[in-house]
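Here's the structure we're looking at; comments come further down.
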Amino acid sequence: MLTLASCTAQHCNLNPSTESDAVGDRLSLPAVPMVIAPSTSEKDAKMAWWRQAKFGMFIHWGIYAVPGGEWKGKDVRGPGEWIQTRGRIPGDQYDPLAAQFDPVDFNADQWASIAQAAGVKYIVITSKHHDGFCMFDTHATNFNIVAATPWHQDPLAQLDVACRLHDIHFCTYYSIMDWHTPDQSPKIPSATAPEFSPTNMVPGKNDAYVAYMKTELGELITGYHPSLIWFDGGWVHGWTAADARSIYDYIHGLDPSIIVNNRLLYGVGDYGTPEQKIPNGGMKGDWETCMTINGTWGYMSRDKDFKSASTLITNLIKCVSGGGNYLLNVGPDALGRIPEPEVERLLAIGAWLKVNGDAIYGTTGSPFNQVLPFGYATQKPGKIFLEVTQWPANGILHVPLGNTIENAYLMADPDNSLQTKGSTIYLPAKAPDPVASVVVLQIDGAPKPL
Ligand code: H79
């Protein structure tokens with residue numbers, strides 16, 4: 001479990017040097033001790049599926065996909081979903097975007113099929129981002145996709161069903177910061193050029209806002225049964241530890257099996273959430289790196305700077321080898337299409353996992369307490385997996401291991417044992433996979449790293 005100080009430091013590092021306003025404000029929040037501590041066995045039972053899952057798909061989708069990073073013919077800096085504040089767009093100009101949001105190409109089954117083919121075991125979709133627009137059928141506000149768009153459909157309900165059919169855990173994202181609610185005020189209120197973030201809780205309105213959140217979370221939990229709720233934007237001035245605890249307790253009261261990330265802040269929550277970076281060697285406890293495929297979370301038409309499939313596969317391995325999960329984002333457009341370059345990369349990861357998934361799913365982090373010159377490692381009882389990203393030119397792999405290696409083989413060719421001598425493995429000249437080839441070692445008992 002992370003302290004507030006460490007959790008804010010982890011997720012507030014988007015452009016920290018150039019964008020110090022919101023970041024600095026958040027870092028000055030007081031650190032408080034952990035307030036919720038489920039017993040270890042309760043927590044183990046609750047986290048079991050998520051610890052096995054290792055790979056999830058984040059989906060940032062909202063009415064910000066309509067402008068797609070551009071406002072009145074000009075590029076707006078920052079990620080697509082931040083356009084309202086980065087573009088200083090008043091609500092009376094932003095809110096009508098809902099009337100233009102008509103994602104006729106949305107197909108829940110297609111999204112879930114892509115996710116399944118990518119090998120993800122859970123999806124986390126925005127139910128409400130910082131702009132306050134609700135992507136589900138809520139009675140708490142009319143600023144929602146069913147009431148305010150010409151489409152009048154509930155994509156979360158459809159995706160929830162599709163996920164179940166494709167064996168994927170349905171999870172949802174919920175922003176505490178809300179640029180639309182009357183219970184929070186913008187950082188710089190202005191009829192023409194408001195700056196929303198970070199917002200302030202309107203004095204005396206915490207209870208009203210917490211009640212609003214509970215109405216929406218209650219609808220989500222009872223209607224869609226998410227396996228996990230991914231909070232964000234808790235750095236609102238005036239958001240308190242009591243508010244955080246009250247929300248966690250409410251969720252737990254409705255469904256104690258729901259996993260909650262650590263961004264209610266104040267040490268409340270079940271796992272850490274480094275954003276856009278993978279901690280070297282991992283972190284203590286449960287954690288998950290969330291990351292964009294290009295440079296934005298919400299759709300942005302001009303951002304074509306997609307990470308390569310090779311980088312993404314290596315990132316997944318790096319997370320899992322450090323004992324964490326990888327939550328990789330897609331940003332569907334205003335018609336409901338996941339951009340083709342994103343689909344392509346997801347399918348490439350899926351193809352790699354189809355062969356090598358046994359080295360990822362259900363594993364724990366590397367047994368070695370050193371960086372391996374040839375790549376990464378993961379483990380299961382009696383087995384060590386070496387994800388070799390630097391295939392040795394001389395075919396010789398030195399593994400810093402004290403165990404007897406009972407058998408060694410390539411994951412891509414399990415029927416043929418590799419020759420070994422002590423902890424040296426002799427590999428074929430050519431790597432079976434151009435990105436990462438898995439060597440499996442069967443060992444006698446617990447790993448003895450040297
Ligand atoms: O939902 C995604 C982001 O919108 C959200 N978290 C992920 C999962 C997020 N919101 N805030 N932050 C992350 C950290 C804040 C970064 C900021 Fe900035 C730096 C806010 C203002 C300066 C990044 C750059 C956002 C706007 C400009």
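The values are calculated or read from the model by the stated rules, or taken from the named source; none is laboratory data. Only a predicted model underlies this, so the values are computations on that prediction, with no experimental measurement involved. In this analysis, Cβ positions are derived from the backbone assuming ideal geometry, glycine residues included, and neighbour counts consider all displayed protein chains. The protein model used for the area step is the full one, side chains on, heavy atoms only, and it has no ligands, DNA or RNA in it. Shrake-Rupley method; radii C 1.70, N 1.55, O 1.52, S 1.80 Å.
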Note on the chain, DSSP bridge orientation, antiparallel percent to nearest 5 equals 55
Note, S437: beta-carbon cut-off 13 Å, +1 each Lys/Arg, -1 each Asp/Glu, net -2
Phi-derived 3J(HN,Hα) across the range 43-54 with the Karplus relation (6.51, -1.76, 1.60, θ = phi - 60°), rounded Hz, x for Gly and Pro, is 5, 4, 5, 5, 7, 3, 5, 5, 5, 6, 5, 6
Scoring only Lys, Arg, Asp and Glu (+1, +1, -1, -1) among other residues with Cβ under 13 Å from the Cβ of L254 yields -3
Check: C-alpha center the range 106-168 vs C-alpha center the range 336-363, spacing in Å is 20
Within the set H237, H139, H180, GNM on the chain using Cα springs under 10 Å gives the largest fluctuation to H139
About its Cα centre, the chain carries a charge dipole, from +1 on Lys and Arg Cβ atoms and -1 on Asp and Glu Cβ atoms, whose size in debye to the nearest 20 is 1220
Relative to the chain, whose Cα atoms define the longest principal axis, helix 108-118 and its Cα axis are tilted in degrees, nearest 10, by 30
The Cα radius of gyration of the range 384-450, divided by 2.2 N^0.38 Å with N its residue count, comes to 1.03
Between the Cα axis of helix 309-321 and the main Cα principal axis of the chain, the angle (0 to 90°, nearest 10) is 80
The range 257-309 and the range 177-244 have their Cα centres apart by a whole-number Å value of 20
Mean-square fluctuation maximum in Gaussian network of the chain, Cα pairs under 10 Å, restricted to Y299, Y266, Y409, hits Y409
Measuring from the longest principal axis of the C-alpha atoms of the chain, the long axis of helix 340-356 (C-alpha) lies at a number of degrees, nearest 10, equal to 30
Against the 2.2 N^0.38 Å rule of thumb, the C-alpha Rg of the range 309-445 sits at a ratio of 1.13
Checked against the positive end of the charge dipole of the range 105-236 (+1 on Cβ of Lys and Arg, -1 on Cβ of Asp and Glu, about the Cα centre), the farthest of P203, G132, H180 is P203
Heavy-atom accessible area with a 1.4 angstrom probe orders E216, E344, most exposed first, as E344, E216
Convex hull around the C-alpha positions of the chain: the volume in Å³ per residue is 142
Once all protein chains are kept in place, V355 shows an accessible area at probe 1.4 Å, nearest 10 Å², of 70
Treating only Lys and Arg (+1) and Asp and Glu (-1) as charged, each at its beta carbon, one finds that the range 255-341 has a dipole about its Cα centre, in Debye to the nearest 20, of 280
Ranked by GNM mean-square fluctuation in the chain (Cα springs under 10 Å), the top entry among R337, R164, R88 is R164
Projecting the Cα atoms of T85, L353, A157 onto the charge dipole of the chain, where Lys and Arg contribute +1 and Asp and Glu -1 at Cβ, the residue farthest towards the positive end is L353
Here P(r) for the range 269-335, Cα-Cα distances in 5 Å bins, as whole percents, is 4, 18, 26, 21, 15, 10, 5, 1, 0
Per principal axis, largest first, the Cα atoms of the range 89-194 extend in Å by 46, 26, 24
About its Cα centre, the range 42-166 carries a charge dipole, from +1 on Lys and Arg Cβ atoms and -1 on Asp and Glu Cβ atoms, whose size in debye to the nearest 20 is 560
Applying the gyration tensor rule to the Cα atoms of the range 197-249 (axes a ≥ b ≥ c; rounded if a/c under 1.5, else prolate if a/b exceeds b/c, else oblate), the class is prolate
Going residue by residue through the range 371-380, the Karplus relation 6.51 cos²θ - 1.76 cosθ + 1.60 with θ = phi - 60° gives ³J(HN,Hα) values, rounded to whole Hz and with x marking Gly or Pro, of 6, 8, x, 9, x, 9, 9, 9, 8, 9
Straight-line reach check, K128, cutoff 17 Å on alpha carbons, 8 or more apart in-chain or any other chain, hits among aspartates and glutamates -> E81, D95, D137, D154, D160, D178, D183, E216, E219, D232, D333
Of all lysine pairs in the range 231-381 that are eight or more residues apart or on different chains, those with Cα atoms under 28 Å apart total 15
Expressed in Å to one decimal, the Kirkwood Rh of the range 27-148 from all distinct alpha-carbon pairs is 17.6
